[in-house]
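Below: one structure, written as structure tokens.
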Amino acid sequence: MPDCRFTDLNAIMDEGRQVTVLWQEDESLAFVANGRAYRSEFHVNPSSETMLLLRGEMRLHYLTPEGEEKVRVLKEGEYMYCPPGLPHSPRFPPGAFALITERKRRPGERDRFLWFCERCRAQVYEAVFEVRDYAENPVSKAYQEYYGSVEHRTCKACGHVMPTPDDRSFEEANPAPRAN
């Protein structure tokens, strides 16, 4: 029988890596994610996911089952649950960290990454991956596929070309939600 594992999350955050996988077992996966300067896609997991914000602040964009985009600000110490199949986009800057737990992907399951036009809201692109090893950083692979092609970033509905991450700052790309 395997023994328990222990991790110093502060040491992991101090290292500052983009993704640090803590474990990958048949039924569970845990990793620490460092924020990205720019994130605009919605991730669709085949399994449920939880996120605990360890440091900083996150603007979690998500699409309701009715297709409405909502934003919830998570602060340090707040924890959230995302059901399988719900498009979500955790947007947090470098230096902010989240602990993510989910089920390791089963053979044949696919993660989807969706981009929508910032002008007309039409879907611009979808990247689909079978994630066998989360240490391969599937979000970065999806970004390379999307941002590496002007065709992938061009909206077929209105012709708008979505900017690359270098085109604007995190705050411009991820404004704080308006107070109701």
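We did not get these values from a lab; they are worked out from the coordinates using the rules stated. Just so it is clear, the structure is predicted and the values come from calculations on it, not from any experiment. Cβ: placed from backbone, ideal geometry, glycine included. Neighbour counts: every protein chain shown.
In table form, for the structure just shown:
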{"read-out": "Residue-span extension gain [residue 157 to residue 109] - 0.36 nm each, minus C-alpha spacing", "value": "14.3 nm"}
{"read-out": "Amide H contacts of residue 49 (H built 1.01 Å from N, under 5 Å, at least 5 apart or other chain)", "value": "82"}
{"read-out": "Other-chain or far-sequence residues with amide H under 5 Å of residue 131's (modelled H)", "value": "111"}
{"read-out": "Per residue, the convex hull volume that the Cα atoms of segment 52-131 enclose (Å³)", "value": "118 Å³"}
{"read-out": "Using θ = phi - 60° and Karplus 6.51 cos²θ - 1.76 cosθ + 1.60, couplings along segment 30-46 (whole Hz; Gly, Pro as x)", "value": "9, 8, 9, 10, 8, x, 10, 4, 8, 9, 9, 7, 10, 9, 10, 8, x"}
{"read-out": "For the chain, the fraction of alpha-carbon pairs in successive 10 Å shells from zero, as %", "value": "9, 36, 38, 14, 2, 0"}
{"read-out": "Cβ charges +1 (Lys, Arg) and -1 (Asp, Glu), total dipole of segment 18-83, debye", "value": "380 debye"}
{"read-out": "In Hz, Karplus ³J(HN,Hα) per residue of segment 93-100 (6.51, -1.76, 1.60; θ = phi - 60°; x = Gly, Pro)", "value": "x, x, x, 9, 9, 10, 9, 10"}
{"read-out": "Förster-model FRET efficiency, 41 Å R0, residue 78 and residue 149, C-beta, rounded to 0.05", "value": "0.70"}
{"read-out": "Under the Karplus curve 6.51 cos²θ - 1.76 cosθ + 1.60, θ = phi - 60°, whole-Hz ³J(HN,Hα) for segment 137-146, x wherever Gly or Pro sits", "value": "6, x, 5, 5, 5, 5, 4, 4, 5, 6"}
{"read-out": "Size of charge dipole - segment 57-136 - debye, nearest 20, with Cβ of Lys, Arg +1 and Asp, Glu -1, no other charges", "value": "60 debye"}
{"read-out": "Environment charge at residue 15 (Cβ cut-off 15 Å; Lys +1, Arg +1, Asp -1, Glu -1)", "value": "0"}
{"read-out": "Amide H contacts of residue 86 (H built 1.01 Å from N, under 5 Å, at least 5 apart or other chain)", "value": "45"}
{"read-out": "Förster radius 30 Å - calculated FRET efficiency between residue 133 and residue 57 (Cβ-Cβ, nearest 0.05)", "value": "0.50"}
{"read-out": "Cα lying deepest toward the dipole's positive end in segment 64-121, options 83, 93, 73, charges on Cβ", "value": "83"}
{"read-out": "Over the chain, relative contact order from alpha-carbon pairs under 8 Å, at least 6 apart, %", "value": "23 percent"}
